[in-house]
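Visitor: Pasting a structure here, questions to come.
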Amino acid sequence: MLTRTRYYNAIGTMVDTTLVYLLDAILALPDITEVESHRLSELCRFANSLESLFMDDPDQTSLVVAHVPSWLKFSYLSELLVRMFAGFHAKLF
């Protein structure tokens, strides 16, 4: 059985590796279309749900930032993609 610290370290490493891959792939795109923006924001929403792995109690602050070095950069990029998608949607209507 893993201690909480080892669990958070192990999960943190896996989540960080995944987010670094996503960040690199997204930032390498030369241009993001409306469809891609929508799909990427959905992917980011899913990835954001991984934060729940770092909470012992829903009333407490998440420990994700302490165990996933790329979390803040990912969160920022995710927010930008959501805003881009909202911008595309607003232009259509």
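Visitor: Tally time: how many residues in segment 1-59 are open to solvent by 80 Å² or more (accessible area, probe 1.4 Å) and closer than 24 Å to ARG83 by Cα?
Guide: Number satisfying all stated conditions: 10.
Visitor: In addition: Just for segment 60-72: of the residues that are open to solvent by less than 60 Å² (accessible area, probe 1.4 Å) and touching a Leu at 6+ places or on another chain (Cβ under 8 Å), which one is farthest from THR17 (Cα to Cα)?
Guide: Going through the qualifying residues, I end up with VAL64.
Visitor: If you don't mind, another one. Pairs only if they're at least six apart or on different chains, beta carbon under 7 angstrom, first in segment 1-16 and on the phi > 0 side of the Ramachandran plot, second at pLDDT 95 or above and small (Gly, Ala, Ser); list them, first residue then second.
Guide: Pairs that qualify, where the first residue is on the phi > 0 side of the Ramachandran plot and the partner is at pLDDT 95 or above and small (Gly, Ala, Ser): there are none.
Visitor: Can I ask one more? Which condition number in (1) among the small types (Gly, Ala, Ser); (2) at pLDDT 90 or above; (3) under 19 Å from VAL20 (Cβ atoms) is the one that SER52 fails?
Guide: Of the numbered conditions (1) among the small types (Gly, Ala, Ser); (2) at pLDDT 90 or above; (3) under 19 Å from VAL20 (Cβ atoms), the odd one out for SER52 is (3).
The values are calculated or read from the model by the stated rules, or taken from the named source; none is laboratory data. Predicted model, so just to flag it, every value in this text is computed and none were measured. Cβ atoms come from the backbone with ideal geometry, glycine included; neighbour counts cover every protein chain shown. Surface accessibility is based on the protein's heavy atoms, side chains included, excluding ligands, DNA and RNA. Shrake-Rupley method; radii C 1.70, N 1.55, O 1.52, S 1.80 Å.
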